[in-house]
């Protein structure tokens with residue numbers, strides 16, 4: 001099993017190209033199930049989760065052709081996918097695939113909307129809480145779907161098609177919003193989604209659906225108004241840049257010092273996180289090429305943060321911020337309000353010498369003079385990259401085990417960091 005070795009203490013200087021957003025690319029790929037015509041997606045990141053979803057979609061009958069990266073000034077643009085679901089050959093998404101990646105559960109809505117039936121395994125994914133699919137199922141039921149749970153599978157039927165409805169989500173859910181939205185575009189009549197997720201990735205999917213012929217009003221707000229249509233057509237859409245990757249590398253620069261251009265990054269996608277970094281003493285400048293991040297000489301100032309749905313501070317940057325605050329000049333508090341069990345990286349950071357106390361859903365992080373390299377274990381995607389950030393700050397060598405978590409969400413991480421001066425290598429096997 002691969003590991004990553006990091007020798008800390010090196011400043012980061014240079015340019016890091018930001019990849020397309022995984023959390024947008026996955027549902028956008030799934031949207032190809034809604035039309036028999038070709039959906040072309042540009043700037044798709046080359047990640048383990050993307051490759052796994054491609055296999056799942058092929059099982060459903062999606063033909064996939066891939067163009068590679070192009071050299072030149074826009075080299076941060078990723079692969080181009082041409083997805084054609086001319087005929088759906090199978091409406092079953094099996095356990096052995098869906099259990100490995102939670103996002104693949106979102107095929108449920110599009111399959112049900114287009115074919116009138118679907119059998120999808122209950123999902124797996126990162127071990128950061130139960131994350132139940134109740135909101136997905138309740139939304140689809142409101143659209144007149146018949147839903148049963150049989151032997152670990154969701155069995156959904158809509159023999160007469162789906163019908164629009166007014167749906168009020170009891171809590172904000174990115175996955176449920178995307179799943180129900182994709183189903184609703186092929187339902188009869190109007191669907192109104194209230195308390196819908198406002199995350200940029202949700203808006204990116206909505207804009208792609210509009211390009212495919214859907215009518216969706218309120219994109220970017222908590223109320224989406226969808227007029228159903230009989231069919232969608234093909235389209236060309238570019239995946240937005242990954243705000244979580246942007247925030248992660250910004251925190252790596254903040255942790256190590258130096259100055260890095262995050263090429264292709266957009267400030268409007270993560271304003272709350274950038275405000276926190278600015279308050280911590282980091283200089284962030286918007287340019288026509290992306291975001292320039294710098295910390296030259298000043299201390300890391302402590303912060304008080306609470307994770308919230310967009311436009312608040314994202315839960316997917318909580319672990320990375322905690323790693324940064326282990327070296328702050330004072331005490332920080334980080335409250336996690338989105339997922340339970342998302343503090344599993346705390347005990348691994350402690351192995352490096354971090355001083356962190358958990359108080360329920362809050363972590364109290366007392367900055368220490370130095371971290372020291374050690375063997376650490378990744379527990380989930382975001383926790384694993386927090387250990388990389390800590391390793392970049394630590395004295396001596398840090399070895400991160402179970403880096404397959406990293407491969408699910410960070411494209412060419414070692415290459416991007418080593419290109420800016422980090423001493424980081426992958427140990428194969």
*Exactly one condition in (1) in a strand (DSSP E or B); (2) at pLDDT below 95 is not met by residue 405; state its number.*
(1)
*Only one of these is within 24 Å of the chain's Cα centre (by Cα) and modelled with pLDDT of 95 or more: 352, 321. Name it.*
321
*Scan the stretch 359-394 for residues that are under 21 Å from residue 331 (Cα atoms) and surrounded by fewer than 18 Cβ atoms within 10 Å (Cβ to Cβ) and jot them down.*
359, 360, 361, 362, 364, 366, 368, 369, 370, 372
_Unmet requirement for residue 217, which otherwise passes all of (1) closer than 29 Å to residue 84 by Cβ; (2) surrounded by fewer than 15 Cβ atoms within 10 Å (Cβ to Cβ); (3) touching a residue at least 12 places away in the same chain (Cβ under 8 Å)_ = (3)
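Within the stretch 118-201, which strands (runs of 3 or more DSSP E) (wholly inside it) include 1 or more residues that are without any contact (Cβ under 8 Å) to a residue 12 or more places away in the chain?
146-150
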*When you scan the stretch 324-349, how many residues do you find that are under 19 Å from the mean Cα position of the chain (by Cα) and in contact (Cβ under 8 Å) with a residue 40 or more places away in the chain?*
6
*asked:* If residue 351 satisfies all but one of (1) surrounded by 17 or more Cβ atoms within 10 Å (Cβ to Cβ); (2) out of contact with any strand residue (DSSP E or B) (no Cβ under 6 Å at 6 or more places or on another chain), what's the number of the condition it fails?
replied: (2)
*Given the conditions (1) touching a strand residue (DSSP E or B) at 6+ places or on another chain (Cβ under 6 Å); (2) modelled with pLDDT under 95, and given that residue 149 satisfies all but one, which numbered condition is not satisfied?*
(1)
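Looking at the stretch 21-32, can you tell me whether even one residue there is surrounded by fewer than 23 Cβ atoms within 10 Å (Cβ to Cβ), over 21 Å from residue 405 (Cβ atoms) and at pLDDT 95 or above? Reasoning before the result, please.
Our first condition is that a residue be surrounded by fewer than 23 Cβ atoms within 10 Å (Cβ to Cβ); within the stretch 21-32, this holds for none.
No.
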_Residue count, the stretch 1-51 (criterion: under 14 Å from residue 411 (Cβ atoms) and in a loop (DSSP other than H, G, I, E, B))_ = 6
*Do we have any residue at all in the stretch 282-305 that's at pLDDT 95 or above, on the phi > 0 side of the Ramachandran plot and either outside the structural domain of residue 422 (by TED's automatic domain parsing) or buried (at least 17 other Cβ atoms within 10 Å of the Cβ) (or both)?*
yes
*Kindly establish whether residue 10 is touching a residue at least 24 places away in the same chain (Cβ under 8 Å) and assigned by TED's automatic domain parsing to the domain that holds residue 409.*
yes
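The values are calculated or read from the model by the stated rules, or taken from the named source; none is laboratory data. What you are looking at is a predicted structure, and each value in this text was computed from that prediction instead of being measured. With ideal geometry, Cβ positions are generated from the backbone for all residues, glycine too; neighbour counts draw on all protein chains shown.
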